[in-house]
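No value in this document is a laboratory result; all are computed from the given coordinates. Note that this is a predicted model, so its numbers are computed, not measured. Cβ sites come from the backbone with ideal geometry, for glycine too, and all protein chains shown count toward neighbours.
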Amino acid sequence: MTAKEYLQQAFFLYKEINSKLEQLDELNVLARKVTTTLSDMPRAKSDKGSRLEHTVLKIVALQEEINEDIDDLVDLKREIRAAILTLDDPEERVILEKRYLAFTQWEQIAVDLNYSIQYCFKVHKRALEKIKVPEKSHL
């Protein structure tokens, strides 16, 4: 795994979490749309349970999965931050932290630091050459 691939893991996990949160929102909307039909007719017993019950179980399972992913993201970011902190150059550390921990776009990094985007790329490349990828990464 390259240094860049290692550092990008947090971003992709963050995107996965956001995707699951969107799915969770959709399931919650669907669950609220469920209506019950009132009837005086007797209902046949079902081993499957109600549809609402199944939907709620899926929502709870997805929430648990999201919570686990968030825990993994926190651990991974801590690990990545520790790797970044091994760099001696504060300029390199700031650029890597903004890019890989705060997920800041290159243009914004350049504006924030009052650098040209090309200079940010140069510092970034130099920093990537120095980063030590742990043999056993969190994920």
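List of remarks:
- Rounded to the nearest 20 debye, dipole of segment 73-129 from Cβ charges on Lys, Arg, Asp, Glu: 100
- Each Lys and Arg Cβ is given +1 and each Asp and Glu Cβ -1; about its Cα centre, the chain then shows a dipole of about 240 debye.
- Cross-link pairs Lys20/Lys136; Lys4/Lys132; Lys4/Lys77; Lys15/Lys132; Lys15/Lys98; Lys20/Lys132 - those with Cα-Cα distance over 21 Å: Lys20/Lys136; Lys15/Lys132; Lys20/Lys132
- Top positive-direction residue, dipole computed over segment 88-139 with Cβ charges, set Phe103, Cys120, Ile131: Ile131
- Net lengthening on full extension, Arg93/Val111 (0.36 nm per residue, minus Cα-Cα): 4.8 nm
- Arg81/Glu53 FRET efficiency (R0 41 Å; Cβ-Cβ; nearest 0.05): 0.45
- Least to most buried among Ile117, Ile109, Ile17 (fewest other Cβ within 10 Å first): Ile117, Ile17, Ile109
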